[in-house]
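Reviewing the structure listed below.
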């Protein structure tokens, strides 16, 4: 693990009642291809999701195409090109998870709001309900 302000991931691989197993160096996350291709922290992910939603990484034409999505999940989610939003919530972003980690990062470009939730444990509780609670408080 490189030196720096990085989180360690935990799981419950030896004790099913606790998330005490540090899996940071246990798993080679390259098996997840792009999902495991970077080491980051909450500040890096905040910058990334802001560029992802606000633009600046790809052409303006392609950026606008990202937001043309299909409604899935019984009408609760609109999924665009590598981004999604929940019905009734004007924030786009994505979630992710690997052994030891789970996250959700969402951005409201119009109101300049970004929510990033990182858990250094994979499993329950999922970060989406916490995201929805925070987003509701911001309305």
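In table form, for the structure just shown:
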quantity	calculated
Debye log10 I(q)/I(0) at q = 0.11, 0.12, 0.16 Å⁻¹ for the range 1-127, Cα point scatterers	-0.45, -0.53, -0.88
Extension gain, residue 128 back to residue 18 (0.36 nm per residue minus Cα-Cα distance, nm)	37.5 nm
Estimated FRET transfer efficiency when R0 is 25 angstrom, pair residue 32-residue 54 (beta carbons, to 0.05)	0.45
Normalised contact order of the chain, rounded percent, pairs of Cα under 8 Å and 6 or more residues apart	21 percent
Tilt relative to the chain, helix 42-54 - C-alpha long axis, 0 to 90 degrees, to 10	20 degrees
Segments 89-96, 101-108 sorted - mean Cβ within 10 Å per residue, highest first	101-108, 89-96
Potential lengthening between residue 68 and residue 139 on full extension [0.36 nm per residue; Cα-Cα distance subtracted]	23.2 nm
The chain - mean residue ellipticity at 222 nm from DSSP helices (-39,500 (n - 2.57) per run, n ≥ 4, rounded to 500)	-7000 deg cm²/dmol
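Every number in this text was worked out from the coordinates using simple rules, so none of it is lab data. Since this is a predicted model, take the numbers as computed values, not measurements. Here Cβ is always computed from backbone atoms with ideal geometry, including for glycine, and neighbour counts include all displayed protein chains.
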